[in-house]
């Protein structure tokens, strides 16, 4: 759960971007859509990792792997090239049929960030999807 808005009197509205994206309405924002919350959260002075995780997950679940991949790059850049999103990127690369890129990134992860080795190697076992056309 993340703060996704400000209610009456300045009280935070707690919810899930995933819930909003899947059609759950936020009580104090009856016409709200996820993009309004994404924009506020992404432009915040203090970015929230969980917001990026949610956006990536929503895009992946909706079958928009290309957008999910773009968000992994944005997240990594926003947080100083953080390795946290490398396993996710590897999984998404394989789902998009970009198996060779996933293998190269897995090797880089294994060498450069040994603390993420296991997760990167597991992500590289994701069943490959068909290449985007």
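The values are calculated or read from the model by the stated rules, or taken from the named source; none is laboratory data. All figures in this text were calculated on a predicted structure; none of them were measured in a lab. Here Cβ is always computed from backbone atoms with ideal geometry, including for glycine, and neighbour counts include all displayed protein chains.
In the condition set (1) at pLDDT below 90; (2) in a loop (DSSP other than H, G, I, E, B), residue 35 is compliant with all but (2). Residues that are free of Cβ contacts under 8 Å to residues at least 24 places away in the same chain and more than 17 Å from residue 67 (Cα to Cα) were ranked within region 77-100; the one that is surrounded by the most Cβ atoms within 10 Å (Cβ to Cβ) is 82.
So, in region 70-84, exactly how many residues are more than 8 Å from the chain's Cα centre (by Cα) and within 21 Å of residue 128 (Cα to Cα)?
2
Of the residues making up region 97-111, none is part of a helix (DSSP H, G or I) and closer than 19 Å to residue 61 by Cα.
Please verify whether residue 114 is within 30 Å of residue 46 (Cβ to Cβ) and either without any contact (Cβ under 8 Å) to a residue 12 or more places away in the chain or in contact with a strand residue (DSSP E or B) (Cβ under 9 Å, 6 or more places away or on another chain) (or both), treating the condition exactly as stated.
Numbers: within 30 Å of residue 46 (Cβ to Cβ): yes; either without any contact (Cβ under 8 Å) to a residue 12 or more places away in the chain or in contact with a strand residue (DSSP E or B) (Cβ under 9 Å, 6 or more places away or on another chain) (or both): yes.
Here the answer is yes, as residue 114 does meet what is asked.
Residue count for region 114-127 under the criterion of being assigned to a loop (DSSP other than H, G, I, E, B) and modelled with pLDDT of 95 or more: the result is 2.
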